[in-house]
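See structure below.
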Amino acid sequence: MEQDAETFRPAKRLKAALAPNVFAQFTALAKQHGAANLGQGFPSFGSPRFLQDAVMKAMQGDVFATTGAPESLGNQYTRPGGEPNLAETLARLYGPRFNRTLDPLKEIVTTIGAQEAIFTSLFSWTDPGDEVLLFTPCFDAVVRSASTLQVKLIGVNLRPPCDGSTASLKDWSVNMEELERSITPQTRILMFNTPSAPFGKVFRQEELEAIAEVVRRHPRILVISDEVYERCVYDNVSHFHFASLPGMFERTMTLFSVGKTFSCTGWRVGYIIAPSSLAAPLLASHTAVNFCAPTPLQKASAAAFDQAEKEGYFEWFPKMMQEKRDFLVKVLQEVGLKPLVPEGGYFIICDATIFLEAAHIDDDHVSAETPLDERPDVKVCKWMTEKVGVTAIPVSPFYLPESRHYANRLVRLAFCKDEATMSLAAERLKQWHVNHAEKTSV
Ligand SMILES: Cc1ncc(COP(=O)(O)O)c(C=O)c1O
């Protein structure tokens, strides 16, 4: 029987969510060509040993449990706001960093990864037609969430310094006048992340203070500060929590990810810290959709935070990641890929002009309407996978359509990868470089 197209048409608001996802596309392509996959941002080196121990312990008990004592019911629903051990641990850990005492019952909401935290925050605090100001390039899931919620995103681009030096992200910034000019009566939320993804800029205290100054002038604006990469900060730069600035806690939802902190992105445990007035609707939305995040994984997360402090994990982890960053930056520089050196996060953005030229990919005739598949950065990432044997992710999906041309020559490489994958990628990039030099010198 023929299906009636109108009956089986999904909700119009799902249009962006139904569009092909670059990560799935490039993961499949990498597999097909046996490429060294520096595409999707998940750590392929595994999580710390104490995490495995914690989860095994958290899952014990509960099989035919008859006592009903809380410790024997570790595999059942927990309180929607957060498993009690985790909520207590987070309040203890973040209170001093936010310069206040945090209420574990009212100011913390645990979520199914930080991605749910993004959706839940937007869902709870915007109505269709509201505007969300966003620093771009940004995490692409924000674009899908906003579109599903029929919220209008207004991008404020991170810009390189006026002197044209682009190699270090430290000097890239948001122009405060542009930010102020972008605010309209419909602006409901300002959203940004530090360290930022995919660029890896770590906002300095002075920069965050300047943003707070703008926010103070607009009492209706709330803030979503996505700080999932807070533990991935390099070169002795310090991470600073936006909500710790005077007057900002009251209007900020700060988002975090256990997956990023402990290299276990599949656990899907995230959390939001916010004042109770903002957290109560977040809790209502989260309860309506999920009821709670997985109990044993939350319990294990609490134990992991305790153990991490004892083992010095938070000192070791950024050093280990910085070594990976440095290794890849050096290779990229050697082969002429012009990396923008990140100070935080999982990724290196580089200018792939050398590859566009080798692949004869033209970037002259692209507009905001050019479909993703036909964009030069997408084409060059396909070419890299097929011809160089290394998979990167195109950068245009991280910009809003009107700014996608900035990404024409940019590709993103993840360095949160195991040594074998990193070495294979390095070897192939260098080999390509040698072959290319030989060909062009003939
Ligand atoms: C900036 C940013 N925010 C949030 C997330 C989502 O984190 P989680 O894996 O905890 O859902 C990601 C994941 O890549 C991210 O890059």
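Can you tell which of L122, Q322, A288 lies farthest toward the positive end of the dipole of the chain, using +1 and -1 charges on the Cβ of basic and acidic side chains (Lys, Arg; Asp, Glu)?
Most positive-ward Cα: A288.
Taking every pair of alpha-carbon atoms in the range 299-395, give the share separated by more than 15 Å as a whole percent.
Details: 3270 of 4656 pairs.
Result for the distance tail: 70 percent.
What's the Cα-based Rg to Rh of the range 52-311, Rh via Kirkwood? It would help to have the intermediate numbers written out before the result.
Numbers: Rg = 18.9 Å, Rh = 19.1 Å.
Checking Rg against Rh, the ratio lands at 0.99.
On a C-alpha basis, how far is the centre of the range 11-50 from the centre of the range 357-398 in Å? Whole number, if you could?
With the range 11-50 and the range 357-398 each reduced to a Cα centre, they are spaced 17 Å.
Given Cβ point charges of +1 (Lys, Arg) and -1 (Asp, Glu) and nothing else, what value in debye, to the nearest 20, does the dipole of the chain about its Cα centre take?
Working: 45 positive and 52 negative charges, 77 e Å.
Dipole about the Cα centre, nearest 20: 360 debye.
If we sort 147-153, 299-305 on the protection proxy, mean other Cβ atoms within 10 Å, highest first, what's the order?
299-305, 147-153
Report the extension gain between A11 and E88 in nm, rounded to one decimal, defined as 0.36 nm multiplied by the number of residues separating them, less their alpha carbon distance.
23.7 nm
Picking from A11, L105, L413, whose Cα lies most toward the positive end of the charge dipole for the chain (charges on Cβ: Lys, Arg +1; Asp, Glu -1)?
Value: L105.
To the nearest 0.05, how large is the calculated FRET efficiency for R97 and N21 if R₀ is 25 Å and r is the Cβ-Cβ distance?
Approximately 0.15, to the nearest 0.05.
Hey, how many Å between the Cα centroid of the range 303-339 and the Cα centroid of the range 263-282?
Between the Cα centres of the range 303-339 and the range 263-282 lies a distance of 25 Å.
Roughly speaking, what is the stretch gain from Q205 to E323, that is 0.36 nm per residue apart minus the C-alpha to C-alpha distance, in nm to one decimal?
Details: separation 118, 0.36 × 118 = 42.48 nm, distance 2.53 nm.
Stretched fully, the Q205-E323 segment lengthens by 39.9 nm.
Could I have the simple spin-label model distance between E386 and Q150, label points 7 Å from Cα toward Cβ, reported in nm to one decimal?
4.1
Compute the Kirkwood hydrodynamic radius of the range 139-219, taking the inverse of the mean of 1/r over all pairs of distinct Cα atoms, and give it in Å to one decimal.
Hydrodynamic radius (Kirkwood, Cα only) of the range 139-219 equals 14.1 Å.
Tell me the Kirkwood hydrodynamic radius of the chain in angstroms, computed as one over the mean inverse distance between distinct C-alpha pairs.
Mean inverse Cα-Cα distance, inverted, gives 23.0 Å.
Could you give me D for the range 1-155, from Stokes-Einstein at 37 °C and 0.692 mPa s, where the hydrodynamic radius is the Kirkwood radius over C-alpha pairs? Units µm² s⁻¹, please.
Translational diffusion coefficient: 163 µm²/s.
Could you tell me the center-to-center distance, by alpha carbons, between the range 70-101 and the range 129-151 in angstrom?
After rounding, the separation between the Cα centres reads 29 Å.
Towards the positive end of the charge dipole of the chain, with charges on Cβ (+1 Lys, Arg; -1 Asp, Glu), say which of H33, S196, P339 has the farthest Cα.
H33
For E402 and K57, calculate 0.36 nm times their separation in residues minus their Cα-Cα distance, and state this gained length in nm to one decimal.
Going from the current span to full extension adds 119.2 nm.
All of the numbers you see were taken from the coordinates with simple rules; none came from a lab. What you see is a predicted model; the values in this text were computed from it and never measured. In this analysis, Cβ positions are derived from the backbone assuming ideal geometry, glycine residues included, and neighbour counts consider all displayed protein chains.
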